[in-house]
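So the structure is just underneath, and the comments pick up after that.
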Amino acid sequence: SQKIEQNSEALNIQEGKTATLTCNYTNYSPAYLQWYRQDPGRGPVFLLLIRENEKEKRKERLKVTFDTTLKQSLFHITASQPADSATYLCALDPGYSSASKIIFGSGTRLSIRP
Amino acid sequence: EPEVTQTPSHQVTQMGQEVILRCVPISNHLYFYWYRQILGQKVEFLVSFYNNEISEKSEIFDDQFSVERPDGSNFTLKIRSTKLEDSAMYFCASDDNEQFFGPGTRLTVL
């Protein structure tokens with residue numbers, strides 16, 4: 001069955017360092033991979049989308065890589081700040097229709113300490 | 001900035017009762033979704049909706065669930081006979097190449 005794993009339930013790093021979060025998947029061939037931020041009690045907020053034919057995408061301090069051979073995506077936040085503390089979700093979209101069933105990982109809770 | 005809105009923010013109901021959760025998607029979006037998130041668990045896809053019909057649905061979305069777009073702005077999720085295990089946050093989302101989620105409705109079934 002399809003499975004998504006995000007590394008460690010929680011990640012604690014020092015402010016200013018680069019946070020790296022991992023998303024691995026099995027038995028799946030997504031056309032798109034998305035990353036979201038979720039704060040407690042709130043809905044997910046879209047951050048980045050990367051397509052299967054893209055290796056890397058950047059947006060300000062965020063960088064996402066996508067390796068379809070390894071079935072893995074890495075999500076980096078450079079120059080991390082306490083305000084980056086949140087749960088980060090990866091989500092897979094098969095892309096076979098415009099309103100496909102998207103599967104979410106369980107998330108990694110990131111804490112940035114000052 | 002346009003946003004997805006949901007009402008109510010919190011709904012408490014007795015087991016077996018019907019509930020209707022309401023959403024107003026972003027006005028020029030064409031694709032709409034419902035998700036649920038049980039406390040401490042992952043966000044789970046329920047259903048997607050396009051052109052006034054269901055596009056995809058998950059195994060969770062059984063006969064107890066239905067969706068409707070009764071007018072040009074609202075998008076509703078109805079649960080016909082609620083069960084204890086339906087207690088969760090329910091998120092609506094709309095899409096124009098990226099998904100915009102609403103703030104959610106917390107459903108508590110007693």
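Local charge sum around A:SER80 (other residues, Cβ-Cβ under 9 Å, Lys/Arg +1, Asp/Glu -1)?
0
Using a Förster radius of 30 Å, what is the FRET efficiency between B:GLU59 and B:LEU110 based on their Cβ-Cβ separation? Nearest 0.05, please.
0.75
Which of B:PRO70, A:SER100, B:VAL43 sits closest to the plus end of the dipole of the protein assembly as shown, meaning its Cα is farthest towards the positive end, when Lys and Arg get +1 and Asp and Glu get -1 on the C-beta?
The listed residue farthest towards the positive side: B:VAL43.
Need one number: nm distance between label points at B:LEU39 and A:THR22, each 7 Å from Cα along Cα→Cβ, rounded to one decimal.
Rounded to a tenth, the inter-label distance reads 3.2 nm.
Which of the peptides A:17-24, B:98-105 is most tightly packed, and how do the rest follow, judged by the mean count of other Cβ atoms within 10 Å per residue?
In descending order of packing, they fall as B:98-105, A:17-24.
Please identify which residues in the stretch B:70-97 have an amide N closer than 11 Å to a label point set 7 Å out from the Cα of B:VAL24, following the Cα→Cβ vector.
In the stretch B:70-97, the label zone of B:VAL24 (backbone N under 11 Å from the point 7 Å along Cα→Cβ) covers B:73-75.
Compute the distance from the alpha-carbon center of the stretch A:69-114 to that of the stretch B:50-83, in whole Å.
27 Å
Under a Cβ-Cβ cut-off of 15 Å, what is the net charge of the residues other than B:ASP86 that fall near it, where Lys and Arg count +1 and Asp and Glu count -1?
Once all neighbours under 15 Å are counted, the net charge is -1.
Computed FRET efficiency, Cβ-Cβ of A:LYS57 and A:SER29, R0 22 Å: what is it to the nearest 0.05?
0.70
On average, how much area does the Cα convex hull of chain A cover when viewed from any direction, in nm²?
Approximately 7.1 nm², given one-decimal rounding.
Using r as the Cβ-Cβ distance of A:GLN72 and B:GLU98, and R0 as 22 Å, what FRET efficiency do you calculate, to the nearest 0.05?
Here the calculated transfer efficiency is 0.50.
Would you work out the charge dipole size for the protein assembly as shown about its Cα centre, treating the Cβ of every Lys and Arg as +1 and the Cβ of every Asp and Glu as -1, and quote it to the nearest 20 debye?
It comes to approximately 580 debye.
For the peptides B:42-48, A:59-65, A:8-14, what is the packing order when you average, over each peptide's residues, the other Cβ atoms within 10 Å and list the highest mean first?
Those peptides, ordered most packed to least, come out B:42-48, A:59-65, A:8-14.
Let's see if you can work this out: charge +1 on each Lys and Arg Cβ, -1 on each Asp and Glu Cβ, no other charges. What is the dipole magnitude of chain A about its Cα centre, in debye to the nearest 20?
It works out to roughly 100 debye.
Relative contact order of the stretch A:24-96: what whole-number percent is it, with Cα pairs under 8 angstrom and at least 6 residues apart?
That works out to 40 percent.
Given 10 °C and 1.306 mPa s, how large is the Stokes-Einstein diffusion coefficient of the protein assembly as shown in µm²/s, with Rh as the Kirkwood radius over Cα pairs?
Once the numbers are plugged in, D ends up at 88 µm²/s.
Once you list every other residue whose beta carbon is under 9 Å from the beta carbon of B:LEU30, what net charge do they have if Lys and Arg are +1 and Asp and Glu are -1?
The answer is -2.
For the pairs B:LYS57/B:LYS78; A:LYS17/A:LYS63; A:LYS71/B:LYS78; A:LYS3/A:LYS63; A:LYS3/A:LYS101, note any where the Cα-Cα span goes beyond 25 Å.
A:LYS71/B:LYS78
Every number here is computed from the coordinates shown, using simple stated rules; none is lab data. This structure is a prediction, so every number in the text was calculated from the model and none was measured. Backbone-built Cβ (ideal geometry, glycine too); neighbour counts: all protein chains shown.
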